[in-house]
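The next block holds one structure in the form of structure tokens; read it before the comments.
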Amino acid sequence: MPDTPEALLKEYELRLSAQVFEDVRPLIHEDAVFWFNDGSYLGLDAIEGAFTATFELIKEEKYWLTNIDWISKSDDTACCHYQFNWEGVIDGRASAGGGRGTSVLRKTDGSWQIVHEHLSRNP
């Protein structure tokens, strides 16, 4: 499991691009809250549903973060904002997009996990 906030975000990017939620699950706290343009998701089951719907929509997705700015870090919490980017195939056509995001991370039992994520379109 990731031992720094930076390592957690890098691992999160890699695992999201593989589009297998079971691989992403250990990186997210069981009581996490995720806010997306289409709704709010509380807990791993709800978050899994949102990710699974995205994985079904966007095939061969690649997901990455840019301009990561750590606005707060301590021994057991961290918060950053960034630009998120994706590209993939939707209905047989190449597609791409992105927006802005904020993640709050917490060290739990010696490993970092995401406790909150907020992604939205760019204004």
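Computed from the coordinates by the stated procedures, all read-outs in this text should not be read as laboratory data. Keep in mind the model is a prediction, meaning the values are calculated, not measured. A quick note on method: Cβ atoms are made from the backbone with ideal geometry, for glycine too, and the neighbour counts reach across all protein chains shown.
Key figures
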quantity	calculated
Within region 12-23, considering residues that are part of a helix (DSSP H, G or I) and in contact with a Phe, Trp or Tyr (Cβ under 7 Å, 6 or more places away or on another chain), the one farthest from ARG106 (Cα to Cα)	SER17
Residues that are surrounded by fewer than 14 Cβ atoms within 10 Å (Cβ to Cβ) and farther than 22 Å from ALA50 by Cβ, drawn from region 73-110	SER74, ASP75, ASP76, GLY92, ARG93, ALA94, ASP109, GLY110
Strands (runs of 3 or more DSSP E) (entirely within region 36-123) containing at least 2 residues that are among the polar types (S, T, N, Q), more than 17 Å from PRO26 (Cβ to Cβ) and under 12 Å from the mean Cα position of the chain (by Cα)	77-90
Residue satisfying condition, being aromatic (Phe, Trp, Tyr) and touching a helix residue (DSSP H, G or I) at 6+ places or on another chain (Cβ under 7 Å), within set PHE84, PHE36	PHE36
Residue in region 34-41 that is hydroxyl-bearing (Ser, Thr, Tyr) and farther than 18 Å from GLY110 by Cβ present	yes
Where a residue in region 78-105 is without any contact (Cβ under 8 Å) to a residue 60 or more places away in the chain and acidic (Asp, Glu) and its partner, wherever it lies, is part of a strand (DSSP E or B) and crowded, with 17+ Cβ neighbours inside 10 Å, with Cβ under 8 Å and at least six apart	GLU87/GLU61
Failed criterion for THR4 (all others in (1) without any contact (Cβ under 8 Å) to a residue 24 or more places away in the chain; (2) over 18 Å from LEU119 (Cα atoms); (3) touching a strand residue (DSSP E or B) at 6+ places or on another chain (Cβ under 8 Å); (4) among the polar types (S, T, N, Q) hold)	(1)
All positions within region 85-107 that are closer than 15 Å to ALA7 by Cβ and either of a type in the set (Val, Ile, Thr) or touching an Asp or Glu at 6+ places or on another chain (Cβ under 6 Å) (or both)	SER103, LYS107
Of residues in region 37-64 being touching a residue at least 40 places away in the same chain (Cβ under 8 Å) and crowded, with 18+ Cβ neighbours inside 10 Å, the one farthest from ALA7 (Cα to Cα)	GLU61
